[in-house]
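Structure first, then comments.
Every read-out reported here was derived from the displayed coordinates using simple, explicitly stated rules and does not represent laboratory data. Fair warning: this is a prediction, and the values are worked out from it, not measured in the lab. Neighbour counts run over all protein chains shown; Cβ positions are idealised from the backbone, glycine included.
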Amino acid sequence: MDFITIDKQGEKVKLDSIPTEPPKKSDRDAAKQELEALGEELFDLQDLLWGARMNSVLIVLQGRDTAGKDGTIKHVAGYLNPRGVYVSSFGVPTEEEREHDFLWRIHRHAPRKGELAIFNRSHYEDVLVVRVHGLVPESLWKERYGHIRDFEEMLAEHGTIILKYFLHISREEQEQRLLAREQVPRKAWKINAGDWEDREHWDDYTQAYEEALSRTSTKKAPWTIVPADSKWYRNLVVARSLVETLRPYRQAWQDRLDEVGVRKKAELAAWRKGR
């Protein structure tokens, strides 16, 4: 796999030096087969997660417009059991949300034990969009990096497994996707003039993402930079990363379920004996 995971705060990130395309040796047909196998394992792991209720999982998806957040959710989360899985999308804050701290609307959607939550955009908008467009003073958004690290550390300490993905596309690929959306009526709702205007801030967003990735990467909440110009490879990277992260928990979850099974069996035997 040719992707980068950052799990150390302060590690320098230069997005222009990180590929947006799959490695040349990648085989699309082989990737499809691997994705199917990973999907089956992911379904099984999620079933254990739900039953054991020892942990929760939070998946954060960030990326520029057209990077493929919706597509990733469709193709990777599609392997999951809808029971215990939900997606939260974070757009422009509502009036009520603006009257609270910036993490208030996020914390409300944090997953309970046994659940898997996917954030389509997230609290990171408050160090990206607000920075690029000057929506809050620099002194305010700079303080938010520390608040984000503390927030994610708190979630991790309470059993949340956090995976953060930056879907990394090239400027050329984004242009092609924006133009394609204009040609497909059922996708036209996804595009507006603001998407094209944001391209004028490409370098500003690059700088904002680089700093966010660098300052909020930790062992408990790492960032994975996913080459996203090819959708099939993007899906494979996310699925493999997710399975490889959850796989070490399998035995502990199974042990918990075995304990519950023994207790339930004893309770049932006692009930039958007392009839």
- Task: Answer rounded, prolate or oblate for segment 4-260, using the Cα gyration tensor with square roots of eigenvalues a ≥ b ≥ c: rounded when a/c is under 1.5, else prolate when a/b is larger than b/c, else oblate.
- Result: oblate
- Query: Based on the mean of other beta carbon atoms within 10 Å per residue, what is the order of 230-238, 50-58, most packed first?
  - Reply: 230-238, 50-58
- If you place +1 on the Cβ of every Lys and Arg and -1 on the Cβ of every Asp and Glu, how big does the dipole about the Cα centre of segment 4-260 come out, in debye to the nearest 20? 420
- Would you mind telling me the antiparallel percentage of the DSSP bridges in the chain, rounded to 5? 10
- Which pairs break 24 Å Cα to Cα here: Lys74/Lys164; Lys24/Lys220; Lys14/Lys219; Lys14/Lys231; Lys25/Lys164? Lys24/Lys220; Lys25/Lys164
- In the neighbourhood of Val92 defined by beta carbon distances under 13 Å, the net charge of the other residues (Lys, Arg +1; Asp, Glu -1) is -2
- Message: Given axes a ≥ b ≥ c from the Cα gyration tensor, I'd like to know whether segment 95-216 is rounded (a/c under 1.5), prolate (a/b larger than b/c) or oblate.
- Response: prolate
- For segment 1-127, shape from the Cα gyration tensor axes a ≥ b ≥ c, cut at a/c of 1.5 then a/b versus b/c, turns out oblate
- Could you tally the net charge around Glu125, taking each other residue with its Cβ under 11 Å from the Cβ of Glu125, Lys/Arg +1 and Asp/Glu -1? +3
- In nm, spacing of pseudo-spin labels at Arg112 and Asp204 (7 Å Cα→C-beta vector): 4.2
- Message: I'd like the FRET efficiency for Glu153 and Glu99, computed as 1/(1 + (r/R0)^6) with the beta carbon distance as r and R0 of 45 Å, rounded to 0.05.
- Response: 0.95
- In nm, the gap between the two label points placed 7 Å beyond Cα toward Cβ at Leu268 and Lys12 is 6.2
- In deg cm²/dmol, rounded to 500, what helix-only [θ] at 222 nm does the chain give when every DSSP H run of at least 4 residues adds -39500 (n - 2.57) and the total is split over its residues? -16000 deg cm²/dmol
- Item | Relative contact order of segment 120-214, defined on C-alpha pairs under 8 angstrom at six or more residues apart (%) | 38
- Please give the net charge around His109, taking every other residue with its beta carbon less than 13 angstrom from that of His109, where Lys and Arg add +1 and Asp and Glu add -1. +2
